[in-house]
Amino acid sequence: MADPAADRARVEEMIARVALQDRAAFSDLYDATCGKLFAVCLRVSGRRQDAEDAMQDAYVKVWRNAGRYAVTGHSPMTWLITIARNTAIDRLRARRDHDDLGDVDGTLAAPGATPEQAAVATSEAERIRDCMNALPEDRRAAISGAYLEGQTYADLATRFDVPLNTMRTWLRRGLIALRECLAR
Amino acid sequence: MMDELAEDDDLTAAELALGLLEGDALSEARARVGREPAFARALVAWEARLSHMAQDLAAEDPPAAAKAALMARLFPEPAPVPLWRRAWPWQLASVAAIAVASLLFFTTGPTPQEGPLYTAEIAAEAGDFRVVALVDKSRDEVILTRTLGAAPEGRILQVWAHGPGEPAQSVGLWPAGESVRLPLPTEIAAVEGVLTLGVSEEPPGGSTTGSPSGRVFGTVEIPGVTAAR
């Protein structure tokens, strides 16, 4: 991780080869990125088995859709993480529907990154952390709850004990503040 | 980029990225992604911003069994492909391709294909690009013909290939025209078993990275390839 630009080029090249159905490149891509993608799935799912299943589904999508990577405009890690996060959220929501109320709160205590653990964070990640920290606590928790825990407006309104429309206004204001902070 | 889109629309893109939209609002937003480039760009920008929350997470190694399970799911032991399944893409191909196909079925017989001629079709999943490929092992060359679609304006096509478990490499550039004839590089000519062909779109002069740098339209696997006798 010494040189982010070289890392990016390396992962991008692996994705390009995966698009040609190059299995060795797929194996290399998995080895290079599975730690991050598993962390994302684990953060969202909260259960190791669910995280493994979500990660597997995410890599199947990567194998099948690598040809389209170049037209998304994403950086390679953003593309991979977005696939993993969305896949894990979909599974989580399907599970919640299935479990009915279940112990949703009890299973969300997944290991997150502490500032110490994330020593190798990129400068961009540091910026969003700073900008997230600059938000009022409840707005920050709402955005993070939606992104990393798949919470809906209804979930968030219950969690913060406010009407749904208030929740939506809060969260949208938080997003505007976040966007403006990042554009600085 | 931002000012192309009204504030409210940009926030709708953010809500889509977060997974907060439901019902009609969700279907409508998804449809806009395909329809409005500015909205699609706003979605990508939000996905990128938000992904940093996840990029910040400390990496955690999955169990080794997870990779084995993934590989087994994606690459099961190859099963023989029934004739009808191999033949059906031809029925959808253009008249020219059907003519080529019927000629080849007469000359090479039914599946499995026996050299020196192997035919295959590369079709984009999006349905906007198709190429018919003929691998001639007696001359170690491949002839490709476009039957649908083309490289975008200002771009060219590039042909790629690899053998089983081997790294993909460029076969050659396809700068213009309906058809191209390319000699197979030594490593590709030496492939025994499954030969994979692919086509991507690239800048003029081809990819500078040694791997595709633009969209890969698709790939095809040609099983049972043997060296010419």
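The values are calculated or read from the model by the stated rules, or taken from the named source; none is laboratory data. What you are looking at is a predicted structure, and each value in this text was computed from that prediction instead of being measured. Note that we place each Cβ from the backbone using ideal geometry, even for glycine, and neighbour counts take in every protein chain shown. We work out accessible area using only protein heavy atoms, side chains counted, and drop any ligands, DNA or RNA first. Shrake-Rupley method; radii C 1.70, N 1.55, O 1.52, S 1.80 Å.
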Simple label model, 7 Å out from Cα along Cβ direction - residue A:183 to residue B:30, nm: 3.0
In Å² (nearest 100), what accessible area is buried between A and B, both sides summed, heavy protein atoms only, 1.4 Å probe? 5700
To the nearest 0.05, the calculated FRET efficiency linking residue A:97 and residue A:5 through their beta-carbon distance, R0 being 45 Å, is 0.60
Would you mind computing, in nm to one decimal, how far apart the modelled labels at residue B:138 and residue B:221 are, each placed 7 Å from Cα along Cα→Cβ? 2.9
Just checking the output field for B:16-25: average partner chain Cβ neighbours within 10 Å of each residue's Cβ? 5
In peptide B:208-220, what is the residue-averaged number of other protein chain Cβ atoms found within 10 Å of each Cβ? 5
Could you name the aspartates and glutamates in cross-link range of residue B:67, using Cα to Cα under 20 Å and dropping any fewer than eight places away on the same chain? A:22, A:28, A:31, A:50, A:52, A:53, A:57, B:77, B:166
Within 10 Å of the Cβ of an average residue in B:60-72, the count of other chain Cβ atoms is 6
Assuming 0.36 nm per residue, please report the length gained on full extension of the stretch residue A:137 to residue A:176 beyond their Cα-Cα distance. 12.5 nm
Taking R0 as 35 Å, what FRET efficiency do you get between residue A:32 and residue B:7 from their Cβ-Cβ distance, rounded to the nearest 0.05? 0.35
Calculate, in nm to one decimal, what residue A:166 and residue A:90 gain on full extension: separation in residues at 0.36 nm each, minus their alpha carbon distance. 24.8 nm
Based on the Cβ-Cβ distance of residue B:65 and residue A:158, what FRET efficiency does E = 1/(1 + (r/R0)^6) give at R0 = 41 Å, to the nearest 0.05? 0.65
